[in-house]
Every structure is written in structure tokens, then in C-alpha cells.
Amino acid sequence: MIIKQPVPRAGARWGYLLPIALLLAGLGALLAQKDLPQARPQVDDPGLIRCSAEAIVRDTLPDGQVVTFFVDPEGARLPNGHTQSAEQARTGQFACKLDSTQRFGMTYVFQDLKPGDRFLAHVWRYVRGSMPTALVVNLSGNREHYAQIERPDTTAEGWERLSVAFAVPFDYETGELRFYVFGYGGGEAYFDDMTIRRERVLDSLAAYEEVPLLNLRIPEAGMQQLDAKRREAIARGLLTQGEDDWVKARLDTGGNELPVRVRLKGDLPDHFLTPKWSFRVRVKAPHAWERMVTFSLHTPLARGHLDEWFYHAWLRREGVLSPRYDFVQLSINGEPRGLYAYEEHFEKQLVESAARREGPILKFDEAGVWALRQRASDYDLDWGEMERLNESYRQAPAQPFGEEKTAANPALRPQLDLALELMHQFQTASAPASDLFELDLLARFFAITDITRAYHGLIWHNLRFYYNPVLGKLEPIGFDGFTETGAFEWLPRPFMGARISDPLQGAPAEQSLMHLFLDPAFAQRYYQYLLTYTRPGYMEDLLLEMAPGLQRREALIRAEFPGYRFEGQALVQRAANLRRLILPYGAYDMEVLTESKPGDSLRVALRNRHLCPLEITAWGRSAQSPSEALAEPYFLPSQPAGYYRSLSLPLEARYLFYQLPGHDSLLSVRIQPYGPAAPQVPA
């Protein structure tokens with residue numbers, strides 16, 4: 001998910017002190033607001049408040065005090081109507097004016113709250129001078145929340161719009177929700193056209209009949225065990241799992257109740273800091289839910305909302321394996337927890353649903369990396385540095401999911417031995433990609449991962465592979481591409497196939513991936529698909545094809561996360577940017593220098609300066625057309641400055657002809673008559 005940061009108001013002079021001043025003022029405003037007269041109680045809070053500051057009404061309180069309210073078109077009353085002013089207005093004739101004598105403006109309090117209710121508030125602001133102002137949302141009760149918005153999300157004719165989205169937590173019990181504007185210090189500020197829209201999220205979700213409704217019925221003892229494990233994980237900063245962490249439960253699917261076992265899921269505390277805990281669910285044989293025996297449940301936020309769903313959908317469209325991934329409404333013991341994503345676990349149903357024969361599904365043992373992380377946390381050490389020094393990836397053995405069952409299966413045991421050998425060769429970068437993987441699917445996998453930026457799934461302990469017993473090769477499984485902040489950009493390059501040099505550089509886990517791109521057969525397919533997926537119009541057509549599914553699911557997510565938008569246009573731009581980087585530039589791509597002229601031949605020193613590998617296919621006497629093709633294309637990876645490779649050519653060669661692997665365009669580069677100043681030519 002791409003989050004756009006709001007633009008600071010032009011002319012603001014408060015710098016870094018403004019948020020602090022506003023926060024202190026806001027807390028004071030919160031206390032002061034509690035003493036303000038409120039509108040008369042209403043049985044049902046409205047779904048839309050619209051305050052244009054045009055209408056006011058005066059009322060007399062029981063103690064004889066006369067107060068003034070703003071009134072919206074439906075009759076809702078908002079305190080501080082005495083701040084009405086005709087000095088400045090965005091629409092109509094009036095606005096709400098704040099200055100050094102009047103700090104609080106339009107206010108509305110919602111009292112009939114339900115868990116999951118969502119709110120979206122806007123107000124327009126016009127400031128004279130340097131008066132700090134904000135739109136505030138405050139929830140009181142058993143789940144307190146306070147937020148103030150100072151920066152606008154849009155501007156028009158000197159007015160700035162402040163916006164805030166809020167959803168009532170699913171463990172909310174009692175309290176009230178207050179929206180108001182306030183100012184602090186000197187100057188003048190005007191507020192106009194406040195709107196607060198409210199939607200009942202549970203009613204909204206219920207309108208989507210195709211969304212499954214699940215209710216996990218967990219006995220009290222089981223809930224206590226899960227909560228104790230949760231508290232332990234939060235204290236340690238890491239969740240460690242064992243077979244004794246599973247608790248018995250029942251899964252009510254709305255007409256059928258299945259016996260299951262449940263445990264917490266997720267390595268880090270972000271999976272269970274909020275009421276939306278993450279779970280792993282295992283259905284007791286011979287039952288299954290949606291043809292899955294084991295699956296995970298987590299908040300959509302954990303995987304970038306729709307980013308992960310789109311990634312899985314595109315992979316499966318292209319024939320690449322990925323777990324089934326979609327959304328459900330989840331309740332725990334009848335208490336709604338809102339929208340969840342479900343994700344299939346790594347069992348035979350995953351490959352069988354994609355028309356593959358059962359075979360081992362593998363990963364690298366990640367116990368070492370989490371032990372290092374735990375030690376780093378316990379002793380306040382740099383986890384990244386510990387990981388680098390210990391090289392836990394190189395020491396992590398490959399292992400299958402369901403190891404005991406796989407090893408005991410007479411058909412799968414020989415396959416497992418072969419698969420483990422392929423995994424070891426991949427891990428040690430000791431065999432080319434074409435010996436280890438089904439190249440076409442591997443190329444599609446990396447190309448799609450590059451465009452979507454699903455790089456979190458390429459971290460070594462997130463990698464998953466299936467051994468195809470028919471082909472005798474590994475296939476990648478797309479999984480865990482995103483985090484709660486969206487794309488996780490850990491690669492030191494703009495895309496996976498960029499700047500792959502020989503000799504390899506980088507951490508061992510990164511070298512295992514980079515080594516794949518040194519196989520010319522794989523590189524050709526990878527760039528072929530990357531060019532296909534980034535051609536003009538491809539991404540627009542793909543988004544149009546997926547629009548019905550995207551729109552339905554975006555509506556579901558927005559019911560709970562009102563500010564969310566799936567940024568399809570960002571994918572279009574990402575594809576366009578990648579294409580500009582990939583295509584060869586021309587003469588700048590390659591440096592070709594005369595190294596020597598032994599006998600009747602010419603020996604040249606080559607350095608590829610392009611981001612991508614290049615294939616030299618022919619030599620020529622002129623730049624217009626090749627004179628003779630090489631016996632086989634010469635594959636030239638990207639190389640650092642000062643590193644060259646040697647190539648022997650006929651003495652009359654003056655130009656080399658080359659192309660990007662997987663691309664038809666042929667380019668030429670002149671052979672310079674001089675040699676490198678200090679050649680470094682790897683053997």
C-alpha cells in the first residue's frame with residue numbers, strides 16, 4: 001500500500017514546535033471541552049453531519065444560561081454557535097471564527113457507538129497569521145483515543161481541507177466519540193463546511209453476501225492460554241511456537257460447525273498487539289473448510305490490505321503457485337473482530353488446487369534467525385549485525401512442511417531426498433537456475449514480484465518452494481510479499497535483476513538469488529516476461545480485468561479502514577519506470593576496449609555498464625549491420641568499474657552487436673582502439 005503524506009500548509013512558521021504546541025493545547029482543549037454545553041441527547045446518532053455555519057439557534061439551559069448552537073440541515077446541533085462570523089466564508093455567508101479569545105469551534109459528540117463503526121470527517125480552514133489549529137477526534141471510555149490533524153490533504157483558493165478517518169475498536173464497550181476544531185495562540189482562523197460521515201461497518205459488511213462469516217468458538221480456558229501466550233510474546237518481542245500452544249475450538253461457518261485447533265500466528269508482536277489477533281487454524285480430519293485443512297487468519301493491514309491479494313491473484317493467473325488468499329468476517333465467541341484475510345497453509349491441497357501432483361513443499365529452517373533475534377533483544381544488540389556475522393542462512397538446513405508425514409510416505413521420501421539436494425545447491429549458489437528450477441515459472445514469479453514490489457517474500461526465511469515430481473525441478477511459491485506498511489524495500493537495487501555482477505556481491509542469502517540471474521537461459525525468460533508485463537497498456541488491461549474483484553474487496557476493506565485506497569495507478573507507473581530502466585540505452589551500455597592483437601586476431605576487454613546483463617551476438621566492420629554471428633551469444637553480466645572480461649574476435653572487427661536477453665532489438669557499439677588503463681579481467 002502506498003501512503004501519501006499530506007503537504008504542510010504554505011507559510012507555516014512553527015516548524016517542529018507546532019506539533020508539540022498543538023498536542024499540549026489539544027490536551028487542554030480536551031479537558032475544557034468536557035465542560036462545554038452539548039446538544040440535547042438524541043436516540044439515534046445521525047449518519048451524516050453537515051455544518052456550513054449558516055444556521056444557528058439559541059437555547060436556554062436549566063440554569064438559565066443561554067447558549068448558541070450551529071444547526072445542520074437535519075436539525076443536529078453543534079456547540080459554539082456564537083463563533084459564527086461573516087468576516088470570511090468558503091460557501092454561503094458565514095464561517096466559524098477562532099482567535100485568542102475563542103479557542104473552540106464546531107463540535108459534535110456521538111454517543112450511540114458500536115464496535116467497528118467508521119467515521120470520515122472533513123472541515124475547511126482559512127488562517128490569518130500564524131495561529132496553530134487542528135481538527136480533533138477523541139474517543140473516551142474503555143478504549144481511549146486522541147488524534148489531531150494539522151496538515152491539509154488538499155487546498156483551494158486559500159482554504160485548506162483537514163480530514164480524519166476513524167474506526168471504533170472491536171473491543172470497545174462504552175464511551176463517546178467527539179469531533180471538534182480548535183486553535184491556539186495569536187492570529188485568526190476560520191472553519192467552514194464541516195462534514196462527518198458515519199457508517200455501521202457490521203451492517204455494511206453484511207451487505208456483501210459472498211463474504212464468508214466465521215465464528216471461532218474458543219472455550220474460556222483456551223482463551224486464557226492464548227492470551228497468556230500473547231502477553232509472553234509481547235514481553236519477549238517474539239512469538240515462539242510449540243505443539244502445546246494449540247487449543248481446541250469450534251469453527252462455525254454459518255450452517256456447519258467444524259472441530260478445529262487454534263494457536264496464535266506471526267513472529268512479531270504486531271500480529272497481536274491490537275484486538276485483531278492473528279491465528280493459525282487447523283481443521284480436524286476428515287473435515288476441511290473451503291478445501292483447506294490448515295489456514296491463517298490475520299488483519300488485512302498485516303499484508304498491505306489489497307496488495308497481497310492482487311499479488312496472489314496475478315501469480316495464479318500466470319500459473320505460478322501461491323496460497324489461496326481472500327477475506328472473511330471473523331467473530332471470536334460471537335464478538336465481531338471485523339474483516340480478516342485468510343491464507344492457505346503449505347499442504348498438498350495448495351498444489352493440488354493448482355493442478356499439480358503432490359510433492360514436497362520446502363523452506364529453510366528459520367529457527368536460527370529467530371534465536372539470534374531473541375538474543376539481540378535480550379541483550380540490546382544489533383540484530384542485523386548479528387545476522388551478518390553468524391550467517392544463519394548458510395547454516396539453515398532445508399526442510400519440508402509436514403516433515404514426519406513426508407518422510408514416512410514411501411512415494412514422497414525419494415522425492416524429498418532429491419528436493420533437499422536441489423535446495424542445497426540453490427542455497428550454496430553451486431548450480432545454474434536451469435538445473436534447479438522450472439525456468440518459465442521462476443521467470444514469471446520474479447517479474448511479477450518486481451512490478452508489485454512484493455520483496456518481503458524474497459527474504460530467505462520467507463521463501464517457499466514446491467518440488468514438482470513430474471519435472472524433477474523446484475517451483476517458487478509466492479507468499480508474504482508485503483507488511484503492514486506495504487512494500488518492504490530491502491533490495492539494494494531498483495529491481496531484482498539489476499546490477500547482477502560476476503563475481504557476486506552482497507550477503508549470502510542475496511547471492512543465492514542473484515546467482516540465478518547469471519544463467520543465460522533464465523535471464524532470457526526473466527527479461528522476456530518483464531518486458532511483456534511492462535509494455536504500454538498491459539498493466540491497465542490487467543487492472544481492468546481484475547477491477548470487479550478489486551472493487552468489491554476494496555469496498556469491504558474501506559468499511560473498516562475508511563482512508564484506504566488501492567493504488568492501481570502506482571502499479572502502472574511502476575511498470576513504466578521499470579521499462580525505462582530495462583531497455584538498453586545505446587552506446588553508453590557497454591565499454592569495449594582493445595586489449596591486444598595476438599597474431600591475426602583481436603582481443604577486446606568488455607565491461608557492461610547497463611543495469612541488466614547483455615548478450616553479444618555478432619561483430620561487424622560497420623555499425624549498420626553485423627558481418628558474422630558469434631558461434632554462440634556471449635553473456636555479459638553487469639560489472640563494477642574497473643572489471644572487464646575478455647573476448648577474442650577477428651582482426652577486422654570494428655563493432656560489436658548486442659541485445660538485452662529476451663529482446664529483439666539489436667544495437668552496436670564501437671571497439672575503441674585503446675585499452676583499459678589498469679585492466680582487471682576476471683578469469
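The values are calculated or read from the model by the stated rules, or taken from the named source; none is laboratory data. The model shown is predicted, which means the values in this text are computed figures rather than measured ones. Cβ placement follows ideal geometry from the backbone for every residue including glycine, while neighbour counts extend to all protein chains displayed.
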*Pull up region 508-536, narrow it to residues that are of a type outside the set (Phe, Trp, Tyr) and in contact with a Pro (Cβ under 7 Å, 6 or more places away or on another chain), then point me to the one that is farthest from Gln395 (Cα to Cα).*
Gln524
*Between a first residue in region 309-323 that is over 18 Å from Leu474 (Cβ atoms) and a second residue that is in a loop (DSSP other than H, G, I, E, B) and of a type in the set (Phe, Trp, Tyr), which pairs have beta carbons less than 8 Å apart while being 6 or more apart in sequence or on different chains?*
Phe310/Phe566; Tyr311/Phe482
_Test: residue in region 600-607 that is in contact with a Gly (Cβ under 8 Å, 6 or more places away or on another chain), of a type in the set (A, V, I, L, M, F, W, C), buried (at least 19 other Cβ atoms within 10 Å of the Cβ) and more than 30 Å from Ala302 (Cβ to Cβ)_ = yes
*What pairs can you find where one residue is in region 234-251 and under 17 Å from Trp277 (Cα atoms) and part of a loop (DSSP other than H, G, I, E, B), the other is among the β-branched types (Val, Ile, Thr) and modelled with pLDDT of 95 or more, and their Cβ atoms are less than 7 Å apart, with a gap of 6+ or different chains?*
Trp246/Val262
*Failed condition for Asp117, given (1) under 41 Å from the mean Cα position of the chain (by Cα); (2) surrounded by fewer than 21 Cβ atoms within 10 Å (Cβ to Cβ); (3) of a type in the set (D, E, K, R)*: (2)
*Just one of (1) touching a strand residue (DSSP E or B) at 6+ places or on another chain (Cβ under 9 Å); (2) modelled with pLDDT under 90; (3) hydrophobic (A, V, I, L, M, F, W, C) trips up Ala235, so point out which.*
(1)
*asked:* With the requirement that a residue be of a type in the set (Ser, Thr, Tyr), without any contact (Cβ under 8 Å) to a residue 40 or more places away in the chain and either under 22 Å from Asp600 (Cβ atoms) or touching a Leu at 6+ places or on another chain (Cβ under 7 Å) (or both), what does region 617-672 give you?
replied: Ser622, Ser627, Tyr634, Tyr655
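Condition first: of a type in the set (Gly, Ala, Ser), in a loop (DSSP other than H, G, I, E, B) and touching an Asp or Glu at 6+ places or on another chain (Cβ under 9 Å). Now tell me which residues in region 97-136 satisfy that.
Step one: filter region 97-136 for residues of a type in the set (Gly, Ala, Ser), giving 100, 105, 116, 121, 129-130, 134.
Remaining after also requiring in a loop (DSSP other than H, G, I, E, B): 100, 116, 129-130.
Correct list: Ser100, Gly116, Gly129.
Would you check if Thr101 is at pLDDT 90 or above, closer than 22 Å to Glu150 by Cβ and surrounded by fewer than 17 Cβ atoms within 10 Å (Cβ to Cβ)? Steps first, answer last, please.
Details: at pLDDT 90 or above: yes; closer than 22 Å to Glu150 by Cβ: yes; surrounded by fewer than 17 Cβ atoms within 10 Å (Cβ to Cβ): yes.
Answer is yes for this residue.
Can you work out which of the residues in region 619-629 that are among the hydrophobic types (A, V, I, L, M, F, W, C) and modelled with pLDDT of 95 or more is surrounded by the fewest Cβ atoms within 10 Å (Cβ to Cβ)?
Looking at residues that are among the hydrophobic types (A, V, I, L, M, F, W, C) and modelled with pLDDT of 95 or more, I get Ala629.
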*For Thr83, state whether it is without any contact (Cβ under 8 Å) to a residue 60 or more places away in the chain and under 19 Å from Ile56 (Cβ atoms).*
yes
*Checklist (1) exposed (fewer than 15 other Cβ atoms within 10 Å of the Cβ); (2) more than 26 Å from Tyr526 (Cα to Cα) applied to Pro640, failing item*: (2)
*Run Ala575 past the list (1) modelled with pLDDT of 95 or more; (2) farther than 30 Å from Glu540 by Cβ and report the number of the one that doesn't hold.*
(2)
_Any residue that is at pLDDT 95 or above and hydroxyl-bearing (Ser, Thr, Tyr) - is there at least one of those in region 604-618?_
yes
